[in-house]
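I have placed the structure first, in the form of structure tokens, so that the comments after it can refer back to it.
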Protein chains: 2
Amino acid sequence: MDTGELDNDKRPAASGGQRRARPTIRDVARLAHVSVGTVSKALNRNGSLRQETRERIVAVAKNLGFRPNDLAQSLHRGQSLTVGLISTDSFGRFTIPIMEGLEECLADSRMSVFMCNATDDPVREARHVESLIGKRVDGIVVSGRRADLRPKLVVQSPGIPVLYVYSQTDDPEAYSLTPDDEAGALDATDHLVELGRRRIAHVTGPQRFEAVRLRREGYRKALAAAGLEPAAEHALTGTWSEGWGRDAVAQLFRRKRGSPDAIFCGNDQIARGVADALRERGISVPDDVAIVGFDNWEIVAAATRPPLSSVDMNLKELGREAGRCMMRIIGGEHLSGVRRLPCSLIVRESSGAAAARHQ
Amino acid sequence: MDTGELDNDKRPAASGGQRRARPTIRDVARLAHVSVGTVSKALNRNGSLRQETRERIVAVAKNLGFRPNDLAQSLHRGQSLTVGLISTDSFGRFTIPIMEGLEECLADSRMSVFMCNATDDPVREARHVESLIGKRVDGIVVSGRRADLRPKLVVQSPGIPVLYVYSQTDDPEAYSLTPDDEAGALDATDHLVELGRRRIAHVTGPQRFEAVRLRREGYRKALAAAGLEPAAEHALTGTWSEGWGRDAVAQLFRRKRGSPDAIFCGNDQIARGVADALRERGISVPDDVAIVGFDNWEIVAAATRPPLSSVDMNLKELGREAGRCMMRIIGGEHLSGVRRLPCSLIVRESSGAAAARHQ
């Protein structure tokens, strides 16, 4: 192999006010009166070298502000200390807390995260994967929309671990972390049952979302466990919007008779629309009708009148767990299958203290 | 320098189902019947080598799926093709589009972005900078809250360019990109003036925000240019919330006489509260009162009744421009000072077609 080719001192010379030369391994060698090879041995703690010589070289390097180069170290440790995060969707409200948790967890192991936004474009995604392989990432985390199973991430280079979070693929060997929507919905509905509500409606998003199907399943199981029969006209699917929440109230309260005394909503935007429409009809929340949303989108939940009880998917913790699992896979463990992590119910006034008085 | 120390084939052996060995430079050498040094020369296109030999080696490497290692290439090109993004605040609604634009722009130059969340913690920030220097990033972009000037990012290693976006520091040598709040506010107020409104109120956030001061300045300049005198009781500061928007309406409409015929709001949440409170008082938007918000937070602007006109800070473009500027600085240009990029007014129904009928 050509010596010097992978040397770390071939940065371009200073070329502007913001770029001054960094100290190089050659500077250390010159000042310590040894060869570059000896400096390399000393800083990488390998090869045979007298303790005294090693210490002297380390001191010179430190004085000079020379940092052993992670890039170079990566090459012979065989780890780049980097992980790529590919989001198939744009970085949004759901991806961000996951990203934060992942980054926070991995930073504790000195791992850094490359963020790659594939914007649902397979060509862009392939280009990102190519670039991540070139940078010798130790693993790739795929995040994104959950609506459908996504195709397996194509990684040409074997041996790079891939983990899916808030995203699933049809490959049974893949490992995927996702919130437990069904259990979250079951808890929310249980909470309404415990408040003494008996006519609990469910207003949710489009049928094609797995999250919609799982949350409805949780809703049904909680009602069944309480011996309640869900009225068919009380389970409504629509869009993920405030407008749909308002329209659903118009449908549910067309007749006073048999109208719901609680509404579990598929997300917080729907719940916000439901709360506004009920207020505008003079129906009191939570006295007449209690509301629980889903997502615990703080800024919406807090601004709703009254503030919204909601199911939190604990996305930051999901991101942290993805980081921990990635470290285990990098360490050689084999993980596969879909793992669902618990949600938490956050109780605010829309199903809160005031609602208890109703019983 | 020790030959072989920086070799790229020292990855650990396969240690689990998800980790198979990647082809190494040694595999290529063995199959091509040449030395590792010769492979390195061939793939890096340097050293003297017969064209025929070079081509044969490249073909073997390609067949084997061996990728020239960016890490190794980085070392002798002197560029790591990576940029660090440090957010002083959490990644939020404002940081995300900036991040997306930055990543999109840099990806075109094969640069990858490390995301580092410093969560406003100086110790965490220092640790991130340390780690980025170790990874030999070609530059660092600092993003975050704009409320106050932040301290200059401390980078121990000289020569690493730093650029601030949606964030400013007190160092006059620093280069900072930020939206032009004043011009955006001026456009919004002008728009209301052109609709024939004469009693234009301004309901905004906390005084201590630079954005509040700049937007108010734009509002005042637009009124002055139109020969309108802003009523002192029409300029109200509060918090960035819907609740404050509702309270402000209560203040502004305490007396019918002299009440505003338009309200320019400091952000979309305030505008949402204003719209709700006006509707609940039976005041028609935009017929009686036109509203313009700020931020163009789509999900809020679209859900408001009627949908909200708002000033868009073009944050994704701000991120793209940060990427372009970073490439120029890496290329040796010296940039300094604060540069303000234009906002765009997005007109929807709250000040839209219906409002024109008012004239």
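The values are calculated or read from the model by the stated rules, or taken from the named source; none is laboratory data. Everything quoted here is computed from the prediction, not taken from an experiment. When we count neighbours, we look across all protein chains shown, and the Cβ atoms used for this are built from the backbone with ideal geometry, even at glycine.
Here A:R257, A:R281 are screened, and the one residue that is more than 29 Å from B:A275 (Cα to Cα) and in the same structural domain as A:E194 (by TED's automatic domain parsing) is A:R257.
The residues listed here are B:R145, B:R215, B:R136; of these, the one that is outside the structural domain of B:V292 (by TED's automatic domain parsing), in contact with a helix residue (DSSP H, G or I) (Cβ under 8 Å, 6 or more places away or on another chain) and not in a strand (DSSP E or B) is B:R136. Filtered by the rule that a residue be within 14 Å of chain A (Cβ to nearest Cβ) and either more than 19 Å from B:E125 (Cα to Cα) or of a type in the set (F, W, Y) (or both), the range B:155-180 gives B:Y164, B:P172, B:E173, B:Y175.
Given A:I299, A:I329, which one is outside any loop (DSSP other than H, G, I, E, B), touching a strand residue (DSSP E or B) at 6+ places or on another chain (Cβ under 9 Å), within 14 Å of another protein chain (Cβ to nearest Cβ) and modelled with pLDDT under 95? Walk me through it before giving the result.
Numbers: A:I299 fails: touching a strand residue (DSSP E or B) at 6+ places or on another chain (Cβ under 9 Å).
Criteria check complete, one pass: A:I329.
When B:P161 is tested against (1) under 20 Å from the mean Cα position of the chain (by Cα); (2) over 30 Å from A:T24 (Cα atoms), just one condition goes unmet, and that condition is (2).
I need the full set of residues from the range A:121-154 which are more than 13 Å from every other protein chain (Cβ to nearest Cβ) and at positive phi, in order please. A:G144 - this is the single residue of the range A:121-154 that is more than 13 Å from every other protein chain (Cβ to nearest Cβ) and at positive phi. Do we find a residue being in a helix (DSSP H, G or I), under 16 Å from A:L315 (Cβ atoms) and either under 20 Å from the mean Cα position of the chain (by Cα) or not charged (D, E, K, R) (or both) anywhere in the range A:87-96? Yes, the range A:87-96 contains a residue that is in a helix (DSSP H, G or I), under 16 Å from A:L315 (Cβ atoms) and either under 20 Å from the mean Cα position of the chain (by Cα) or not charged (D, E, K, R) (or both). If you filter the range B:262-282 down to residues that are touching a helix residue (DSSP H, G or I) at 6+ places or on another chain (Cβ under 6 Å) and within 12 Å of chain A (Cβ to nearest Cβ), you find that the one that is farthest from B:E217 (Cα to Cα) is B:A277.
The single residue among B:A222, B:A188, B:A201 that is in a strand (DSSP E or B), on the phi < 0 side of the Ramachandran plot, small (G, A, S) and in contact with a Leu (Cβ under 7 Å, 6 or more places away or on another chain) turns out to be B:A201. Restricted to the range B:85-106, and to residues there that are more than 7 Å from chain A (Cβ to nearest Cβ) and aliphatic (A, V, I, L, M), the residue that is farthest from A:R136 (Cα to Cα) is B:I98.
If you check B:P151, B:P172, B:P158, which single one turns out to be at pLDDT below 95, surrounded by fewer than 18 Cβ atoms within 10 Å (Cβ to Cβ) and either touching a strand residue (DSSP E or B) at 6+ places or on another chain (Cβ under 7 Å) or among the small types (G, A, S) (or both)? Please lay out each step first, then the result.
Working: B:P172 fails: either touching a strand residue (DSSP E or B) at 6+ places or on another chain (Cβ under 7 Å) or among the small types (G, A, S) (or both); B:P158 fails: either touching a strand residue (DSSP E or B) at 6+ places or on another chain (Cβ under 7 Å) or among the small types (G, A, S) (or both).
When all the criteria are applied, what remains is B:P151.
Whether any residue in the range B:245-256 is touching a Pro at 6+ places or on another chain (Cβ under 6 Å) and in contact (Cβ under 8 Å) with a residue 12 or more places away in the chain is what I want to check.
Taking the range B:245-256 and keeping what is touching a Pro at 6+ places or on another chain (Cβ under 6 Å), we get B:252.
Retained after the next criterion (residues that are in contact (Cβ under 8 Å) with a residue 12 or more places away in the chain): B:252.
Looking through the range B:245-256, at least one residue is touching a Pro at 6+ places or on another chain (Cβ under 6 Å) and in contact (Cβ under 8 Å) with a residue 12 or more places away in the chain.
If the condition is being loosely packed, with under 15 Cβ neighbours inside 10 Å and outside any helix (DSSP H, G or I), then the range B:240-258 contributes B:R254, B:R255, B:K256, B:R257, B:G258. Would you be able to say whether some residue in the range B:219-230 is farther than 30 Å from A:E103 by Cα, crowded, with 18+ Cβ neighbours inside 10 Å, assigned by TED's automatic domain parsing to the domain that holds B:G352 and within 24 Å of the chain's Cα centre (by Cα)? No; the residues of the range B:219-230 include none that is farther than 30 Å from A:E103 by Cα, crowded, with 18+ Cβ neighbours inside 10 Å, assigned by TED's automatic domain parsing to the domain that holds B:G352 and within 24 Å of the chain's Cα centre (by Cα).
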